[in-house]
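Step one of this worksheet: look at the structure below.
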Amino acid sequence: MHMQRFFTWLLTVHHQNLEQQRRGQIVITMAIGLALLGLANLPIIAWAGSASPLVSGVIFLYVLVCSALILLTRYGYVRLSAWVLVVFLTLAPLSVMLFGQRVGTSPYLLLLGILVCSLVLPPRHALFLLAFALAALW
């Protein structure tokens with residue numbers, strides 16, 4: 001019963017528009033999942049022996065951004081937090097492509113930002129992001 005109240009409290013978005021509340025709940029759910037994914041990778045990176053202070057700092061920053069997204073969304077700043085999430089999901093694979101030695105599957109991961117954008121923002125924004133991703137690949 002307490003967990004149900006906690007999740008109800010966590011997914012509450014203080015916005016008048018029901019569509020924005022739905023989009024905010026999607027942003028909160030994705031931010032929780034991404035933060036837990038980042039925290040779950042810490043032991044794996046430490047076990048593999050590739051843990052450095054830089055990697056740990058990046059993961060800490062990653063979890064901090066996800067926590068800020070949750071707070072922003074809960075207080076009604078749904079569009080701002082959705083844009084931060086989409087930019088974050090677009091720039092992460094793009095930075096791997098630009099600064100990494102190999103490209104690998106990074107171009108396919110650019111689609112993740114476009115898919116999330118179509119869930120949490122109006123459709124015209126997804127077209128803008130698609131044009132940006134195509135220009136970045138060119």
Förster radius 25 Å - calculated FRET efficiency between Leu91 and Leu127, Cβ distance, rounded to 0.05
0.85
Placing +1 on each Lys and Arg Cβ and -1 on each Asp and Glu Cβ in the chain, then taking the dipole about the Cα centre, the residue among Gln20, Leu85, Phe132 whose Cα reaches farthest towards the positive end is Gln20
Kindly state, to the nearest 0.05, the FRET efficiency for Tyr75 paired with Gln4, given R0 = 22 Å and r defined as their beta-carbon distance.
0.50
Given 20 °C and 1.002 mPa s, compute D for the chain with the Stokes-Einstein relation, Rh being the Kirkwood radius over Cα pairs; round to the nearest whole µm²/s.
132 µm²/s
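Taken together, the values in this text are just the output of simple stated rules run on the coordinates, not laboratory data. These numbers come from a predicted model, not from an experiment. Virtual Cβ from ideal backbone geometry, glycine too; neighbours counted across all protein chains shown.
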